[in-house]
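Read the structure below first, then the notes.
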Amino acid sequence: MRLGIALGPPRRTAAAVELAVRAGAPAEPLRGLSHPELVVRGGHTVALARPGDLLTLCGRDALDAAILGAEVLLERGPEVVELLDLEVGLARLVAATCPAGGGEAPREGSGNELSRPGSGDELPRRPLVATAHPRLTRHYLEAHGCQPRLVEFVDEPWLAARLLRLDLVVGLVDEGEEPEAPFAVHGEVVAGGLRLVAGLAAHALRGADLAAFARRTRRAVAS
């Protein structure tokens, strides 16, 4: 089995690694890591990597399956086959404001000030927004009557938002957690847990092996 595990918020990443271990994948060396890593052992391969990289690797048939967040499937569409809702690793994709505006407070009357929950104010009509999830971010903001100007990042843009003068940042946090200060949540874009997915080629050619791994994973979730 060639399995990918998605890097994400700390608790979600830890949950994904532990689930892979309980399902029989040699993922023990990945415990506690927050950077990409590869384990090859006993004919099995386990990769800890960014979600987009996992989709690319599944698409190139370098990985058979991956454990990644529901928001990735919503963002990228049907690049893989969903095998199982793992019901663990809940996380939220949130829209958050940064009062400091990238280290520089907005000028009074500049029109860049953002609403805070309960303030009654509205977002700017054309907010400047950093995100690694452009499709979901655009959908969320258009539903709020905005025409966002997106600054797209490969990784979660929390650090970048401290360096850029932005109206909003959209990024992932573990369920029950809030973004680190000075960010304040403006709203929830989408929420969901981890999914077990298979590459299209692997699903067609190695379906029996994938089904067996899915059964082990389901038992691991229940245990």
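The values are calculated or read from the model by the stated rules, or taken from the named source; none is laboratory data. This is a predicted model, so every value here is computed, not measured. Note: ideal-geometry Cβ built from the backbone for every residue, glycine included; neighbour counts use all protein chains shown. Remember, those area values only see protein heavy atoms, side chains included, never the ligands or the DNA or RNA. Shrake-Rupley method; radii C 1.70, N 1.55, O 1.52, S 1.80 Å.
For first residues located in segment 1-20 and among the β-branched types (Val, Ile, Thr), partners that are open to solvent by less than 10 Å² (accessible area, probe 1.4 Å) and part of a loop (DSSP other than H, G, I, E, B) and lie 6+ apart or on another chain with Cβ distances below 7 Å form the pairs Ile5/Ala27; Val17/Ala27. Among all positions in segment 90-97, there is at least one residue which is open to solvent by 50 Å² or more (accessible area, probe 1.4 Å), within 30 Å of Glu18 (Cα to Cα), modelled with pLDDT of 50 or more and of a type outside the set (Val, Ile, Thr).
Can you name the residue in segment 182-217 that is of a type in the set (D, E, K, R) and in contact with a strand residue (DSSP E or B) (Cβ under 6 Å, 6 or more places away or on another chain) and, of all such residues, is most open to solvent (accessible area, probe 1.4 Å)? The residue in question is Glu188. In segment 125-145, the residues that are within 19 Å of Ala160 (Cα to Cα) and hydroxyl-bearing (Ser, Thr, Tyr) reach residues that are open to solvent by 30 Å² or more (accessible area, probe 1.4 Å) and not in a strand (DSSP E or B) with C-beta atoms within less than 8 angstrom, at least six apart or across chains, in these pairs: Thr131/Phe153. Kindly indicate whether any position in segment 48-60 is in a strand (DSSP E or B) and either touching a residue at least 12 places away in the same chain (Cβ under 8 Å) or open to solvent by less than 10 Å² (accessible area, probe 1.4 Å) (or both). Checked against the condition, which is being in a strand (DSSP E or B) and either touching a residue at least 12 places away in the same chain (Cβ under 8 Å) or open to solvent by less than 10 Å² (accessible area, probe 1.4 Å) (or both), segment 48-60 yields at least one hit. The residue list Arg125, Arg162 contains one member that is touching a Gly at 6+ places or on another chain (Cβ under 8 Å), open to solvent by 100 Å² or more (accessible area, probe 1.4 Å), modelled with pLDDT under 95 and not in a strand (DSSP E or B), which is Arg125.
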